């Protein structure tokens, strides 16, 4: 099966151009979110340690074994997810209600 057939039959778009166009806004929003999270992390001195990954997966899957996710998604992606959660936790902890 070629890419265009896959996109038409399984994704519901006519081709790669329509796929890109239909996801453009979401992709831009995700990029901005990631950049803002990274900036907050750098400014606040937030970083991800091994035990942070364990804690993230215990909270979200009930297990500290993330080997399957690491194999499927890669360690850098898992670290980014964990960093984003730590940034959210930091913002909640330090928020001042007016």
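Quick notes
- Centre separation in Å (Cα based) which lies between the stretch 1-64 and the stretch 72-88: 10
- Taking the chain and dividing mean pair separation by its residue count, relative contact order in percent (alpha carbons under 8 Å, at least six apart): 22
- Relative contact order %, the stretch 46-98, counting alpha carbon pairs below 8 Å whose residues are six or more apart: 37
- Just so you know, the Rg over Rh for the chain is 1.11, from Cα atoms, with Rh as the Kirkwood radius.
- Acute angle (nearest 10 degrees) that the helix 16-44 long axis makes with the longest principal axis of the chain, alpha-carbon atoms: 10
- Summed over qualifying helices (DSSP H, 4 residues or more, each -39500 (n - 2.57)) and divided by its residue number, the chain shows a 222 nm mean residue ellipticity of -24000 deg cm²/dmol.
- Pairwise label distance in nanometres, residue 72 with residue 13, each label 7 Å out on the Cα-Cβ vector: 2.2
- Residues residue 96 and residue 32, FRET efficiency given R0 of 25 Å [Cβ-Cβ distance, rounded to 0.05]: 0.60
Values in this text are rule-based calculations from the coordinates and carry no lab data. Here the structure is a predicted model, which means the values were calculated and not measured. Note: ideal-geometry Cβ built from the backbone for every residue, glycine included; neighbour counts use all protein chains shown.
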